[in-house]
Every structure is written in structure tokens, then in C-alpha cells.
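J.: Encoded as C-alpha cells, here's the structure I'll be asking about.
The values are calculated or read from the model by the stated rules, or taken from the named source; none is laboratory data. Since the structure is predicted, the reported quantities are computational estimates derived from the model, not experimental observations. Cβ atoms come from the backbone with ideal geometry, glycine included; neighbour counts cover every protein chain shown.
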Amino acid sequence: MAKLHVSTTVNGEPSEFLCEASDTMLDVLRGPLGLTGSKEGCATGDCGACSVTLDGRLVCACLMLAVEADGAEIETIEGMSQGEKLHPLQQKFLELAALQCGICTPGMLVAAKSLLEQNMNPTETEVRYWLAGNLCRCTGYDKIVHAVLDTAAEMREAAR
Amino acid sequence: MNEMTNSWIGKSTIRPDGADKVTGRAAYAADTNMPGMIWGKVLRSPHPHARIISIDTSKAEALAGVKAVVTAKDIVDFPVDTPVPLGIQDMRWMCRNVMAREKALFHGHPIAAVAATTEAIAAEACKLIEVDYEVLPWAIEIEDAIKPDAPILHDFIQFEGKPSNIAGTLEHKLGDIDAGFAKADVVIERDFNTRPIHQGYIENHACLVSVASDGRTTIWSSSQGQFMVRAMTSFLTGLPQSDIRAIPAEIGGGFGGKTIIYLEPLATILSKKSGRPVKMVMTREEVMRATGPTSGSMSTVRIGATKDGKIVAAQGVFYLQAGALPGSPIRGAAGCAFAPYDIPNVVSRGFDVVSNRSKVAAYRAPGAPIGAHAVECVLDELAEALNIDPLDLRIRNAAREGTKAAHGPVYPRIGLLETMEAAKAHPHYKAPLGKFQGRGVASGYWFNAGGESSAQVNITEDGNVVVTTGHPDVGGSRAAIANIAAELLGIDYRRVSVLIGDTATIGYSNLTGGSRVLFASAMVVTQSAEQVIGQLKARAAKLWGIEADAVVWENGEARPSGDHTGNFPTMTLAEIAAKATATGGPIGAGVQLNTTGAEGGFSTHICDVEVDVDLGIVRVIRYTSFQDVGRAIHPAYVEGQIQGGAVQGIGWALNEEYIYNAKGQVDNPSFLDYRMPVCSDMPMLDAVMIEIPNPKHPQGVRGVGEVPLVPVMAAVANAIHDAVGKRFFSLPMSPPKVLEGLDEGTLQAAE
């Protein structure tokens, strides 16, 4: 069967690719598109290391078929910083040592950014439940939650 | 070194690899590709125990796109009667673990591997391999494996003169155990059971291997030691180490599980046979079935004390599940179990039991949490029986400088007592508790390791610094190394780049493991930096025409001293570097050492839980770890080790376990069903760092990475007892088990 042609937008840039009907978005991101910042930890939607947004909605790229990207807008970790300027969450993760091995970090950041876009003032509990789909085996989550809460506070202050 | 004037040591600086890791640029094992690359997949045994009668790969080889097939006959065989040690591993077992040889020993054991132009074709080809198995009875649990009529995994293992699954034993003895117990007023003896736990790193095992036509081999893989990858691949493929360049990818978590290899020798042989670079990436299911975990265990611990709370005798028997091949961490269990205490009479025994599940790999203080779980739960019960506060009982018996431990050492200055006293004085220990809430404490010990490390410190032409070491960085070691180099050289840490060299570019460095990386790297980096400072002073002296010993190095500058004070303007690192060619050439130094003096690590934890008595769910609501960290070179990453270890232990205590079906297969090989702690399960975690500098280290560093896991399961179990009045001796203390233990009488008493 011939491959399927998909036209999409990835991190604001028009993008086209060919894929099998069975390919996941993660397969295509990491393969033909060369965007290896999204990680495969499970391929079953349980670890969140491949978190991306599809038209602004947080999804696991491993649970999304690549053809679903047609006509849609995908945002990945590679689109999070503006050139050299890190997103406040990225900067705060570095300052608070909210990463150790770093393999969950791209997904964690994409998920946290998605939270703050919907809720500028999350409680600790809201942060913890929002990030419950993103596994981290290194940090015990403490510094990650602190980084998200601190970033939210700073972004609220900056928006005043 | 005057700590008040430290610029960088003790500061939580930004890690050198940070920007790459928050932008998705950091390259982990599965992120590298090569032109012409093909894909390898592994065919795995569907049976937990089976004799391999024959393997026919002809149909797989005939499939379009298939480029090479590997079976056990392609792997170097090490006969079972001659040990081939490599560190704590033995290549006799490793060659049988990477590919089943005489028998398949667990469900998921590799039988063959295929390389093909696509991953899908490789997977399809695996299905075309015909294997004739004679399925054998199996034993997975320890109690099944040590029964008199148990199925025997290996004919060559004998115990007490008979074929057995007990592959090894170990005993530590101190004093006279019978005389000790005779003096005891109270004796508590309990049996314990812990389950195998996967290390749970989020990055699946992966590698890319290119073997050129002349045999020169390049391996990109994620591991806890590129030199281990090189050595094991060399042993298993027959290639000389000098032909293998192992390049360490960023590692997405290891926790001990990546101190051995699985895919690299298979990919190497597939690449050699096919003439193409070969990439292999495990699925999560493969990781869960065929890698790690740490041992499950069965233990009995007996401790006796006098009425005034002095422990007079302690006995431990620890059976640990090795999995398919010998080598469980009985040394950690039997050796660390009683190590926090000054006990005159001790017998501690370990038994290494093989069974039909994947061969265990190291996991954070291997064996020690198993021993501590049993001992610290018995101590809690002993404190209750003696009506002594559980921390007071520990303080009364704490090991200190001069204590002779049953596993051998006489302790130098250690900070165990300080961890206990800090716990006792902490507000957490006095905070009020509500209904069905409880508090538990526990302490723990881990050996910590020294060993071989290499470093190279080079001054760039523009006067900045590049430090190369040989240990994969699992938790921020590069940041700590940058702090140390910057401190010694007197420059801003941002002028120091810290890189992890590959096996061709830096000298031999032992594994990232044993909590050894910063301890050992700091030693070689310190000596290298001191040599560099010596060179810098000599270069300045040459430019000034004075003796080298008349130059001092301060704040990143050379300054003339003594009679020459003030005679010349100071010279910065950049100014000296700019004149390096004229003054003698490149400036840099490398040091290679077998480091010693790591000394053990101690920790004491307080855990609060709340038990949902309707659902059996235990929630940890507050957790504080107190640890002697020696010297926190980068405090935030030391805290991170402590917090991460606590949560791994909470998972071990409350949820994590493998579930087997009637066919001896792991039934929950996914993150959905193998339930590791998630963010919403956890409270914030307090880490109290107590700095008792290691007297045998230039910066006072003590390993900090592993002991954070050791006390956790006992602290949780003791807290549950405090909450509901019921002691659980078997892990995990998961909802069904807790619910079953909470009968009416227990609950009424708890209310």
C-alpha cells in the first residue's frame, strides 16, 4: 500500500511527511521529522515522555496516529524556547535542579506548559494531578512541582 | 579549604548539560542514527524454562530485507566450570544471559536476533525462526526454588553435595551469638518477604553499533559505564578492546540496571555479519520481562536486647532471588543489614537462589534495602516491647567512630548518630497526627565504592577550561565537577565545560555505581587541577623570570610572592593561556587513580502515612530524610538523590511487584500495570543534609546516591503499624493486602 501524505504544522512551521497508516505521531516525529526530543518510554501512553500538543491539547504522541496530524498544529519540546531564550519553565527547571537524567524532562515541560496555558494559578494538588501522567523515576517529583509552582507565580507577576 | 570563602563548592549552579536537556537536544541512546543503518530485533523465549532442542533460522534468513541472524553459537562461550570475573559480574553468566545457550531460563530470554532493513521486517523475521523447545518445570519464587524437589535450573550448581538452586552463600560473624542471646531480656524474631522491583528507568535499553570492514567497532549506547560496555562486548564477541570505541550517550536513568549489557554484543555481531550499522531499541515490555530487576527476598531476622535497650545479639538469614543465573546482592543484604549498629554478637547469612526469572541487575544499594527492611522493622517492634522511643533505641545502639562492624570495617568518623539526633530534634518528629495516621522511623547504611577513575583537565587557548571524565552522569555529577574545578582554579564555573569522554578519549574509568562517581571524579579532577595550577605558576614564573615557587595562584590569577611581591602585575588564566605556545606549549594534566577511602553512607528517615481503611490505600503524607552527605558539592542535586531514593522506596513498599500468570510469564510488563509512584501519589519531600566531611577525601565527599533508598520500606511499614496497629511483614503493602490485614479488632483498636 502506498504511503499516506500528511501536511501539518510542527512548532509553527509547515511540514509534510509520508507515513504508514499504522505509524504513530511519535514514530514520525522521531523518524522522518528528526525531532528526537520527544522520547519513547512505553509506547502505551503510560509515561508521558512523548507529550506534545495537538491543536493546543496535551496528548501522548505514541497514542496518536501520524495521519491525525493532517491539517493540525503540533507543538513539541523543540518549539518551546524562542531561539536562545528559554521558556520560563525551562529556565526554572534548570535553576531548581528539577531534572536528573533528563529523559522525562521534555514531556514534563510540554505538559507543564500546557497546564499553565489553562491555569495560571494552579494549586500544588492541581500540578500533581496534571503531571500524574508523566513518570519521573529520578527526582521524586518534589523539585518538578516546585519549579512549576514557582514559574506560575513569576509568570503571574510578569503578566500584572 | 575555607568553606566560608568558597565561591562554587556548596552552590547549586546550573548544570553544564542543562540547556540541552530542557530543549530536547540531549542525545540519548535511541536518538542517534547512521547512514545505511538497519534494525535489530530479538526473538525471546515464550517459556520460563525450556531445553532448546533446535533453532532453524532459514525461513527468517530468506525473508526479503533480512541482513543477518544471530544465535548463541555466534556469542563467545565461557564454559561453566571456569570463572571469568569482570568486576562483580561473571562472563560465564553474561554470555548465557544475553543469549540462551543450553536452555531458555526465563520468559523473555533471548533465543536469536535478526537485523533487517526495517524494524517491522526484523520483527516479522523473528516470527519465522523455528525453535523446538522441551518445556521444563519451572520455579520462580524463592520458596519454590529451594524446595527439596524443586526443578533444578543448572546441573552444575551443587549445595551441600546435592544439585540445588542455591548458587552461593555468604556469612558475616562477630562475637558469640549464643552467648549474646543468652543475655537478652527481650528477643524478637520475624520473617519477611520482599518482591523483585524493576529499576524503572524511563529510557529503554538501546544501542547503535557500527562495525567497519576492518573490525573497528563504534558503539553508541546508554549505560552506566562505557568501559563496561567495551569490556563486556569484547568478551562476548571476541573483538579486542582496542578495536571497540564505546561512546556514552546521555543516560535516561539506570539506578544500577545499566551496569550490565543486553543488546550491544548482539548488535555488534549483527553489524559485523551484515556490514551495516545496526540499531536496537527495546520495548518497555522487553525491559520489564528481560532486564533488571533487583532480587525478591525471604528473610528471617532475630534481635535480642536487654531491658535498658542495649542490643546484645542479632541474627539474619537472607535468601535473595538471583534470577536465571547466579549473582544476587547477598553481600549488600547480609553486610549492610546490621551495619548501623554497635552489636557485639552478630551472625548474618546470605543465600543466592537462582530461579526462572530474568537475571537480577544492581538496583540502588543492591541488597541493602532488603536487609534494612527486615532489621528496621524488628527494631521497631523491639522498641515497642521495651517501651523505648524507636529513635532512642537506635541512638542507644548507633555505630560510631571505632565501632567494629560485622561485615569487617572499624568505622572512622561517621555521621550516623547525627542523622538520628537531627531526626529526633526535627519538628516533623513532634508534629501531631490524625486518625489512621502514623509515623515510622528507620535507618540504613550503604558501603559506597571507590575504584578507578580518570580525568583530563585542559586549558583552552582563550583561557577557559575543559574537564573530561569517564563516568556517565546520571544525576548531575557534571555540575558538581564544574563546581570543584572552578573553585580550585579560582574562576567562574561557567568557564568550565565538563564532558564525559568515550573509551578512546579518556582513561579507564569504572562504572557509575556504588555512589562512587563524585567521590572518585573529584579526586582525579582535584589532582589534575592542582597539576594545571602548578603549570600555570611555572609559566608565569618563566614570563617574569623568577622561580616557580615564588608564584602563588589566587582568584584565577598568578601573583608574584615573597621577595617578588608587587614586582609584576598579576596574570590571569587567559593571559597565561595566550602565551602558552611561547612558554612551553599546551597547558593541561590528566590523572588516573584507583581511589580508596569512600567510607560508608548513613541515613535516618521519618515517614508519616495515612491509611484509608475502607480501600486499603496507604498514602505517604510527610517524609523527611536525614543523611550524612559528607560535603554537598552541589546541594540541589544531593537533595535530588535523597528525594528520588525516598520515592523509589515508597514504590517498593506500597505498590511495585511483578505478577506472574499460570504459565510462568510476567503478566504486568507495562507502566500501567507495574505501578511506580506518580506525581499525585507524593507529598513534598524534605531532605536534611548533615555534613560530616569524609576525612579521606580532598573536599570531604561521601557517596550520596544509594543510601537514600535503604531505610524507606521499613520506615513506611513502621508508620503503617503506628497508624493502624498492624504489622505487615510482606511487601508490597498494596491495597488488597492492607485491606485483608485490617480486621474489625485492629480497626477498633486503631480508633
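J.: Going by the structure shown, is B:LYS279 in a strand (DSSP E or B) and not polar (S, T, N, Q)? Walk me through how you get there before you give the answer.
T.: Values: in a strand (DSSP E or B): yes; not polar (S, T, N, Q): yes.
Spelling it out, B:LYS279 is indeed in a strand (DSSP E or B) and not polar (S, T, N, Q).
J.: So, in segment B:656-676, of the ones that are of a type in the set (Asp, Glu) and within 19 Å of B:PRO369 (Cβ to Cβ), which residue ends up farthest from the other protein chains (Cβ to nearest Cβ)?
T.: Residues of segment B:656-676 that are of a type in the set (Asp, Glu), as a first pass: B:656-657, B:667, B:673.
Within this subset, residues satisfying the condition of being within 19 Å of B:PRO369 (Cβ to Cβ) are B:656-657.
Working: B:GLU656: 11, B:GLU657: 16 Å.
Once the filter is applied, the top-ranked residue is B:GLU657.
J.: Limited to segment B:609-630, what total is found for residues that are surrounded by fewer than 24 Cβ atoms within 10 Å (Cβ to Cβ) and either more than 14 Å from chain A (Cβ to nearest Cβ) or not β-branched (Val, Ile, Thr) (or both)?
T.: Within segment B:609-630, residues that are surrounded by fewer than 24 Cβ atoms within 10 Å (Cβ to Cβ) and either more than 14 Å from chain A (Cβ to nearest Cβ) or not β-branched (Val, Ile, Thr) (or both) number 9.
J.: Of a type outside the set (Val, Ile, Thr), in the same structural domain as B:LEU105 (by TED's automatic domain parsing), outside any strand (DSSP E or B) and over 26 Å from B:GLU102 (Cβ atoms): does that describe B:ALA64?
T.: On the way: of a type outside the set (Val, Ile, Thr): yes; in the same structural domain as B:LEU105 (by TED's automatic domain parsing): yes; outside any strand (DSSP E or B): yes; over 26 Å from B:GLU102 (Cβ atoms): yes.
Against the criterion (of a type outside the set (Val, Ile, Thr), in the same structural domain as B:LEU105 (by TED's automatic domain parsing), outside any strand (DSSP E or B) and over 26 Å from B:GLU102 (Cβ atoms)), B:ALA64 qualifies.
J.: Something else about it: Looking at B:ALA504, B:ALA520, B:ALA485, can you tell me which residue is away from every other protein chain (no Cβ under 14 Å), among the small types (Gly, Ala, Ser), in a helix (DSSP H, G or I) and more than 22 Å from the chain's Cα centre (by Cα)? Full working, then the answer.
T.: Details: B:ALA504 fails: in a helix (DSSP H, G or I); B:ALA520 fails: more than 22 Å from the chain's Cα centre (by Cα).
Step by step, each of B:ALA504, B:ALA520, B:ALA485 is checked, and only B:ALA485 is away from every other protein chain (no Cβ under 14 Å), among the small types (Gly, Ala, Ser), in a helix (DSSP H, G or I) and more than 22 Å from the chain's Cα centre (by Cα).
J.: Could you check segment B:645-703 and list, in sequence order, the residues that are of a type in the set (S, T, N, Q), over 30 Å from B:ALA139 (Cβ atoms) and either touching a residue at least 12 places away in the same chain (Cβ under 8 Å) or surrounded by 18 or more Cβ atoms within 10 Å (Cβ to Cβ) (or both)?
T.: Of the residues in segment B:645-703, the ones of a type in the set (S, T, N, Q) are B:648, B:655, B:661, B:665, B:668, B:670, B:680, B:694, B:699.
Adding the requirement that they be over 30 Å from B:ALA139 (Cβ atoms) leaves B:680, B:694, B:699.
Of everything in segment B:645-703, those that are of a type in the set (S, T, N, Q), over 30 Å from B:ALA139 (Cβ atoms) and either touching a residue at least 12 places away in the same chain (Cβ under 8 Å) or surrounded by 18 or more Cβ atoms within 10 Å (Cβ to Cβ) (or both) turn out to be B:ASN694, B:GLN699.
J.: Which one of these does B:ILE692 not meet: (1) over 21 Å from the mean Cα position of the chain (by Cα); (2) assigned to a strand (DSSP E or B)?
T.: (2) is the only condition that B:ILE692 fails.
J.: Would you be able to say whether some residue in segment B:415-438 is within 27 Å of B:GLY332 (Cβ to Cβ), in the same structural domain as B:MET689 (by TED's automatic domain parsing) and assigned to a loop (DSSP other than H, G, I, E, B)? Quick ask: steps written out before the conclusion?
T.: Here is the first cut: in segment B:415-438, the residues within 27 Å of B:GLY332 (Cβ to Cβ) are B:415-423.
Still in the running and in the same structural domain as B:MET689 (by TED's automatic domain parsing): B:415-423.
Going one step further and asking which of them are assigned to a loop (DSSP other than H, G, I, E, B), we end up with B:415.
Yes, because at least one residue in segment B:415-438 is within 27 Å of B:GLY332 (Cβ to Cβ), in the same structural domain as B:MET689 (by TED's automatic domain parsing) and assigned to a loop (DSSP other than H, G, I, E, B).
J.: Could you check segment B:380-429 and list, in sequence order, the residues that are on the phi > 0 side of the Ramachandran plot, more than 25 Å from the chain's Cα centre (by Cα) and among the small types (Gly, Ala, Ser)? Spell out how you get there, then give the answer.
T.: Going through segment B:380-429, the residues on the phi > 0 side of the Ramachandran plot turn out to be B:387, B:402, B:408.
Checking which are more than 25 Å from the chain's Cα centre (by Cα) leaves us with B:387, B:402.
Selection gives B:GLY402 alone.
J.: Now, a different point. Checking A:VAL67 against (1) away from chain B (no Cβ under 13 Å); (2) in a strand (DSSP E or B), which test does it fail?
T.: (2)
J.: Then there is this: Could you please give the count of residues in segment B:238-270 that are away from chain A (no Cβ under 14 Å) and either outside any helix (DSSP H, G or I) or surrounded by 24 or more Cβ atoms within 10 Å (Cβ to Cβ) (or both)?
T.: Keep residues of segment B:238-270 that are away from chain A (no Cβ under 14 Å), which gives B:238-247, B:259-270.
Next, from what is left, pick out any that are either outside any helix (DSSP H, G or I) or surrounded by 24 or more Cβ atoms within 10 Å (Cβ to Cβ) (or both): B:238-240, B:244-247, B:259-270.
Of the residues in segment B:238-270, 19 are away from chain A (no Cβ under 14 Å) and either outside any helix (DSSP H, G or I) or surrounded by 24 or more Cβ atoms within 10 Å (Cβ to Cβ) (or both).
J.: Hey, could you check segment B:626-666 for residues that are touching a strand residue (DSSP E or B) at 6+ places or on another chain (Cβ under 6 Å) and of a type in the set (D, E, K, R) and say which is farthest from B:GLU418 (Cα to Cα)?
T.: That would be B:GLU656.
Condition check ((1) outside the structural domain of B:ILE481 (by TED's automatic domain parsing); (2) of a type in the set (Asp, Glu); (3) surrounded by 20 or more Cβ atoms within 10 Å (Cβ to Cβ)) across all residues:
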position	(1), (2), (3)
B:SER7	no, no, no
B:GLY10	no, no, no
B:ASP20	no, yes, no
B:GLY40	yes, no, yes
B:PRO46	yes, no, no
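J.: Any idea which of B:ALA150, B:ALA212, B:ALA206 is free of Cβ contacts under 8 Å to residues at least 24 places away in the same chain, hydrophobic (A, V, I, L, M, F, W, C) and under 30 Å from B:ILE38 (Cα atoms)? Give the derivation first.
T.: Working: B:ALA150 fails: under 30 Å from B:ILE38 (Cα atoms); B:ALA206 fails: free of Cβ contacts under 8 Å to residues at least 24 places away in the same chain.
Only one candidate passes the filter, namely B:ALA212.
J.: Filter segment B:1-42 for residues that are more than 7 Å from chain A (Cβ to nearest Cβ) and of a type in the set (Asp, Glu) and give the result.
T.: The answer is B:GLU3, B:ASP17, B:ASP20.
J.: Another one. Suppose we keep only residues that are farther than 16 Å from A:ALA112 by Cα and facing chain B (nearest Cβ under 7 Å) within segment A:41-64. Which one would you say is surrounded by the fewest Cβ atoms within 10 Å (Cβ to Cβ)?
T.: A:THR44
Rundown of residues vs (1) closer than 22 Å to B:VAL42 by Cβ; (2) at pLDDT 95 or above; (3) among the acidic types (Asp, Glu); (4) in a loop (DSSP other than H, G, I, E, B), yes/no style:
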| site | (1), (2), (3), (4) |
| --- | --- |
| B:CYS95 | yes, yes, no, no |
| B:GLU134 | yes, yes, yes, no |
| B:TRP138 | yes, yes, no, yes |
| B:ASP144 | no, yes, yes, no |
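J.: Just to be sure I understand, how many residues within segment A:80-112 are touching a strand residue (DSSP E or B) at 6+ places or on another chain (Cβ under 8 Å) and more than 7 Å from every other protein chain (Cβ to nearest Cβ)? Reasoning before the result, please.
T.: We begin by selecting, within segment A:80-112, every residue touching a strand residue (DSSP E or B) at 6+ places or on another chain (Cβ under 8 Å); these are A:101-103, A:106-108, A:110-111.
Subsequent filtering for residues that are more than 7 Å from every other protein chain (Cβ to nearest Cβ) retains A:107-108, A:110-111.
Matching residues across segment A:80-112 total 4.
J.: Separate question: Can you find even one residue in segment B:624-641 that is within 23 Å of the chain's Cα centre (by Cα), closer than 30 Å to B:ALA290 by Cα and touching a residue at least 60 places away in the same chain (Cβ under 8 Å)? Working first, answer last.
T.: If we filter segment B:624-641 for residues that are within 23 Å of the chain's Cα centre (by Cα), which is where we start, we get B:624-641.
From what's left, closer than 30 Å to B:ALA290 by Cα: B:640-641.
With touching a residue at least 60 places away in the same chain (Cβ under 8 Å) added as a condition, the list becomes B:640-641.
The answer is yes; a qualifying residue exists.
J.: Another one. Restricting attention to segment B:7-22, does a residue exist that is under 18 Å from B:THR268 (Cβ atoms) and outside any strand (DSSP E or B)? Walk me through how you get there before you give the answer.
T.: Initial filter on segment B:7-22 (under 18 Å from B:THR268 (Cβ atoms)): none.
Within segment B:7-22, not a single residue is under 18 Å from B:THR268 (Cβ atoms) and outside any strand (DSSP E or B).
J.: OK, next. Looking at B:ALA62, is it closer than 12 Å to B:ILE129 by Cα, out of contact with any Ser or Thr (no Cβ under 7 Å at 6 or more places or on another chain) and aliphatic (A, V, I, L, M)? Give the derivation first.
T.: Details: closer than 12 Å to B:ILE129 by Cα: yes; out of contact with any Ser or Thr (no Cβ under 7 Å at 6 or more places or on another chain): yes; aliphatic (A, V, I, L, M): yes.
Considered against the rule, which asks whether it is closer than 12 Å to B:ILE129 by Cα, out of contact with any Ser or Thr (no Cβ under 7 Å at 6 or more places or on another chain) and aliphatic (A, V, I, L, M), B:ALA62 comes out as yes.
J.: Continuing with this model, one more query. Looking only at segment A:114-160, filter to residues that are of a type in the set (Ser, Thr, Tyr) and either within 7 Å of chain B (Cβ to nearest Cβ) or touching a Lys or Arg at 6+ places or on another chain (Cβ under 9 Å) (or both); which one of those is surrounded by the fewest Cβ atoms within 10 Å (Cβ to Cβ)? Full working, then the answer.
T.: Let us first name the residues in segment A:114-160 that are of a type in the set (Ser, Thr, Tyr), namely A:114, A:123, A:125, A:129, A:139, A:141, A:151.
Retained after the next criterion (residues that are either within 7 Å of chain B (Cβ to nearest Cβ) or touching a Lys or Arg at 6+ places or on another chain (Cβ under 9 Å) (or both)): A:114, A:129, A:139, A:141, A:151.
On the way: A:SER114: 19, A:TYR129: 15, A:THR139: 27, A:TYR141: 29, A:THR151: 23.
Result: A:TYR129.
J.: Please determine whether any residue of segment B:636-644 is under 30 Å from B:ALA482 (Cα atoms), within 14 Å of chain A (Cβ to nearest Cβ) and part of a loop (DSSP other than H, G, I, E, B).
T.: Filtering segment B:636-644 for residues under 30 Å from B:ALA482 (Cα atoms) gives B:636-644.
Cutting the leftovers down to within 14 Å of chain A (Cβ to nearest Cβ) gives us B:636-644.
Checking the rest, the ones that are also part of a loop (DSSP other than H, G, I, E, B) come to none.
No, because not a single residue in segment B:636-644 is under 30 Å from B:ALA482 (Cα atoms), within 14 Å of chain A (Cβ to nearest Cβ) and part of a loop (DSSP other than H, G, I, E, B).
J.: Looking at B:ARG413, B:ARG394 in this structure, which one is within 23 Å of B:GLY630 (Cα to Cα), surrounded by fewer than 17 Cβ atoms within 10 Å (Cβ to Cβ) and among the basic types (Lys, Arg)?
T.: Details: B:ARG394 fails: surrounded by fewer than 17 Cβ atoms within 10 Å (Cβ to Cβ).
Exactly one of B:ARG413, B:ARG394 is within 23 Å of B:GLY630 (Cα to Cα), surrounded by fewer than 17 Cβ atoms within 10 Å (Cβ to Cβ) and among the basic types (Lys, Arg), namely B:ARG413.
J.: Moving on to the next point. Checking B:ALA653 against (1) in a helix (DSSP H, G or I); (2) of a type outside the set (Val, Ile, Thr); (3) at the interface with chain A (Cβ under 8 Å from one of its Cβ atoms), only one condition comes out false. Which one?
T.: (3)
J.: Let me ask you something else. Consider A:THR76 against the criteria (1) within 10 Å of chain B (Cβ to nearest Cβ); (2) under 21 Å from B:MET280 (Cβ atoms): it satisfies all of them except one. Which criterion is unmet?
T.: For A:THR76, the exception is condition (2).
J.: Let me ask something else about it. State yes or no: is B:VAL441 at pLDDT 95 or above and in contact with a Leu (Cβ under 6 Å, 6 or more places away or on another chain)?
T.: Details: at pLDDT 95 or above: yes; in contact with a Leu (Cβ under 6 Å, 6 or more places away or on another chain): yes.
Considered against the rule, which asks whether it is at pLDDT 95 or above and in contact with a Leu (Cβ under 6 Å, 6 or more places away or on another chain), B:VAL441 comes out as yes.
J.: For B:GLY335, state whether it is surrounded by fewer than 24 Cβ atoms within 10 Å (Cβ to Cβ), closer than 23 Å to B:ASP178 by Cβ and among the small types (Gly, Ala, Ser). Give the derivation first.
T.: On the way: surrounded by fewer than 24 Cβ atoms within 10 Å (Cβ to Cβ): no; closer than 23 Å to B:ASP178 by Cβ: yes; among the small types (Gly, Ala, Ser): yes.
Criteria not met by B:GLY335.
J.: Which numbered condition trips up A:MET1, out of (1) farther than 29 Å from B:ARG478 by Cα; (2) aliphatic (A, V, I, L, M); (3) modelled with pLDDT of 95 or more?
T.: (3)
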